[in-house]
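One structure below.
The values are calculated or read from the model by the stated rules, or taken from the named source; none is laboratory data. All of these numbers come straight from a predicted model, not from anything done at the bench. Positions of Cβ are backbone-derived with ideal geometry, glycine not excepted, and every protein chain shown enters the neighbour counts. Side chains included, ligands, DNA and RNA excluded: accessible areas come from the protein's heavy atoms. Shrake-Rupley method; radii C 1.70, N 1.55, O 1.52, S 1.80 Å.
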Amino acid sequence: MMSSWFLLVALACGLVGAQDPSLQELNTKVQQLTTKVEELQREVSARPQVAFSAALVETQQWTIVGPFDADKTLEFRKVVTNIGNGYDSETGIFTAPVKGLYYFRVTGIAGNNGELNAGLKKNGQNMFALYQKAGTQAGASNGMALELEQGDRVYVQIWPNFSIADQSRLSTFTGFLVFPM
């Protein structure tokens with residue numbers, strides 16, 4: 001009943017609008033705006049969508065990873081989100097599926113020796129460090145926006161003689177595409 005009433009009013013306005021130039025202009029503007037909104041919706045839905053977030057371990061138990069004798073790429077095994085499938089939990093490496101500006105954040109908890117020293121690397125080059133020397137179970141976090149080419153690789157490495165801890169997603173690696181370029 002309500003929709004029939006709405007249709008009747010809309011038709012009446014359309015008939016009146018046909019005789020009133022200001023209403024015709026308004027109808028034209030509404031049609032133009034509707035077309036623009038539809039264009040923008042198609043454009044946004046066509047953009048690549050990339051985001052991932054993973055925790056270091058899959059268990060709820062307090063777990064220490066390391067120390068190691070050399071730099072070690074951390075495999076964040078508990079994948080929470082992996083839109084676009086850019087993150088590989090077997091290797092711990094994110095590979096950019098498209099060129100763009102990405103944002104990365106790493107959070108870690110110091111292991112048994114009370115110190116955490118790790119870094120985010122892009123194609124083997126250090127981008128930022130994650131350092132904590134406040135004692136066991138102390139946390140550190142760092143983040144950065146990086147311009148990546150398609151195929152660039154980003155990962156977290158813990159440095160020799162340091163360990164990292166996790167329990168219930170305390171140590172995480174997250175990244176997402178801010179916008180394609």
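Sort 79, 106 from largest to smallest accessible area, using a 1.4 Å probe on the heavy atoms of the protein chains.
Ranked list, largest accessible area first: 79, 106.
Roughly how many Å² is the accessible area per residue of the chain, as a whole number, for a 1.4 Å probe?
Details: 10710 Å² over 181 residues.
About 59 Å² of surface per residue is accessible.
Rank these residues by their accessible area, most exposed first, probe 1.4 Å: 64, 109, 83. It would help to have the intermediate numbers written out before the result.
Details: 64 50, 109 20, 83 85 Å².
Descending order: 83, 64, 109.
What number, in percent, do you get for the relative contact order of region 77-181 if the mean sequence gap of Cα pairs under 8 Å and at least 6 apart is divided by its residue count? Spell out each step's value before the answer.
Working: 247 pairs, mean separation 39.3, N = 105.
Computed over region 77-181, the figure is 37 percent.
Within 11 Å, Cβ to Cβ, of residue 122, how many net charges do the neighbouring residues add up to if Lys/Arg are +1 and Asp/Glu are -1?
On the way: positive: 121, 153; negative: 147, 149, 152.
Around residue 122, the charge tally is -1.
Could you state how much accessible area residue 23 has, in square angstrom rounded to the nearest 10, with a 1.4 Å probe and all protein chains kept in place?
60
At q = 0.21, 0.22, 0.23 Å⁻¹, what is the log10 ratio I(q)/I(0) for region 102-181, with the Debye formula run over Cα points and no solvent?
Debye intensities relative to I(0), on a log10 scale: -0.89, -0.95, -1.02.
In whole percent, what relative contact order does the chain give with Cα contacts below 8 Å and a gap of six or more residues?
Details: 408 pairs, mean separation 51.7, N = 181.
Relative contact order comes out at 29 percent.
Taking the full set of protein chains and a 1.4 angstrom probe, give the accessible area of residue 172 in square angstrom, rounded to the nearest 10.
Roughly 30 Å² of residue 172 is accessible to a 1.4 Å probe.
May I ask you to evaluate 6.51 cos²θ - 1.76 cosθ + 1.60, the Karplus curve with θ = phi - 60°, for each residue of region 75-92 and list the ³J(HN,Hα) values in order in whole Hz, giving x for glycine and proline?
Calculated HN-Hα couplings, in order: 9, 7, 7, 8, 7, 8, 9, 8, 6, x, 6, x, 9, 10, 6, 6, 10, x Hz.
Using only Cα atoms, find the angle between the long axis of helix 21-46 and the longest principal axis of the chain, and express it within 0 to 90 degrees, rounded to the nearest 10.
Roughly 20 degrees between the two axes.
If eta is 0.692 mPa s and T is 37 °C, what Stokes-Einstein diffusion coefficient results for region 36-109, Kirkwood Rh from Cα pairs, in µm²/s? List each step's numbers first, then the result.
Numbers: Rh = 14.8 Å.
Answer from the Stokes-Einstein relation: 222 µm²/s.
What angle do you read, to the nearest 10 degrees and between 0 and 90, between the alpha-carbon axis of helix 2-19 and the longest principal axis of the chain?
It works out to around 60 degrees.
Can you send over the solvent-accessible area of residue 127, 1.4 Å probe, protein chains only, in Å² to the nearest 10?
Solvent-accessible area, nearest 10 Å²: 50 Å².
Dividing the Cα convex hull volume of the chain by residue count, how many Å³ per residue is that? Mind showing how you got there, number by number?
On the way: hull volume 31.7 nm³, N = 181.
Spelled out: Cα convex hull of the chain, divided by residues, is 175 Å³.
What's the local net charge at residue 63, with K and R +1, D and E -1, over the other residues with C-beta under 13 Å away? Before the final figure, lay out each step's value.
Numbers: positive: 77, 78, 169; negative: 58, 75, 166.
For residues surrounding residue 63, the net value is 0.
Let's see if you can work this out: charge +1 on each Lys and Arg Cβ, -1 on each Asp and Glu Cβ, no other charges. What is the dipole magnitude of region 104-181 about its Cα centre, in debye to the nearest 20? Before the final figure, lay out the partial values.
On the way: 6 positive and 5 negative charges, 20 e Å.
Rounded to the nearest 20 debye, it is 100 debye.
Using just the helices of the chain, give the 222 nm mean residue ellipticity in deg cm²/dmol: DSSP H runs with n ≥ 4 each add -39,500 (n - 2.57), and the total is spread over all residues, rounded to 500. Display every interim value, and only then the final one.
On the way: 2 runs with 44 residues, N = 181.
The helix contribution divided over the chain gives -8500 deg cm²/dmol.
How far is it, in nm, from the label point at residue 93 to the one at residue 69 when both lie 7 Å from their Cα along the line to the Cβ?
It works out to 2.3 nm between the two label points.
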